[in-house]
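We did not get these values from a lab; they are worked out from the coordinates using the rules stated. Remember, it's a predicted structure, so these values are computed and weren't measured experimentally. Reconstructed Cβ throughout: ideal geometry from the backbone, glycine too, with neighbour counts over all protein chains shown.
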Amino acid sequence: MKSSKAQLAKKEFLDKGNKLPICVNDGCNNTVVVREWKYWSFKSECGSCTDCRKRKLYKIIQGEKIIKKGTKKTIKNDVIIHKKDFCENNNGHLGFSCPVKTNLWSNFLESLDLDHIDGDHMNNKPKNVKTYCKLCHNRKSKETGDWDSNKPSRRNIDI
Ligand SMILES: [Zn+2]
Ligand SMILES: [Zn+2]
């Protein structure tokens, strides 16, 4: 049987001794969702957290969204959701201002992304993962060349 490119990419990833990053959410030890093996493209959250967040299966305690243990089979601890409901560039720290007011995002949550500040999708430390709207995310990626496949932080096998 001929292996697909995705299967080959997965094998190479594991053969190199790489491990899937752990979910960015504090208290969660699941591995992240794989977006596409072909590009070693991973999300920042595990499937259970993504599901709980989207279905609003959490309590808000002191401003933090907490998924209580047992909410989903695979969530064993109280888990703090890392993703914000607004663009974290609301203070202009990327060097340009977010054009959308912070309080307008609640009806457009699907337009918020989790971005790895250093462009390394394996670096899932909470400090390295920020919530940006698609406008700010696109501009940041363009300016920093996050998606430049020649960058050393990107995977280095040909497809
Ligand atoms: Zn998780
Ligand atoms: Zn923004």
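General observations
- For the pair SER4 and THR144 in one chain, pulling the backbone fully straight at 0.36 nm per residue adds 47.2 nm over the alpha carbon distance.
- 11 Å beta-carbon shell around VAL32, net charge (K/R +1, D/E -1): +2
- Taking 0.36 nm per residue of sequence separation and removing the Cα-Cα distance, the LYS101/ASN123 pair yields an extension gain of 5.0 nm.
- Set LYS76/LYS134; LYS43/LYS72; LYS56/LYS83; LYS101/LYS130; LYS38/LYS84; LYS73/LYS134 screened for pairs whose C-alpha atoms are more than 21 Å apart: LYS76/LYS134; LYS38/LYS84; LYS73/LYS134
- A simple charge model with +1 on the Cβ of Lys and Arg, -1 on the Cβ of Asp and Glu and nothing else charged puts the dipole of region 15-66 at about 200 debye relative to its Cα centre.
- Two-site FRET efficiency, LYS134 against ASP15, from Cβ-Cβ distance with R₀ of 30 Å, rounded to 0.05: 0.30
- Whole-Hz couplings from phi, Karplus 6.51/-1.76/1.60, listed for region 48-56; x for Gly and Pro: 5, 5, 4, 5, 4, 5, 5, 8, 6
- Note on VAL34 and ASP51: their simple-model spin labels are 1.9 nm apart, each label 7 Å out from Cα toward Cβ.
- Potential lengthening between LEU109 and ILE61 on full extension [0.36 nm per residue; Cα-Cα distance subtracted]: 15.3 nm
- Calculated over the chain: convex hull of Cα atoms, volume per residue (Å³): 137 Å³
- At 1.002 mPa s and 20 °C, Stokes D of region 1-82 from Kirkwood alpha-carbon radius, µm² per second: 155 µm²/s
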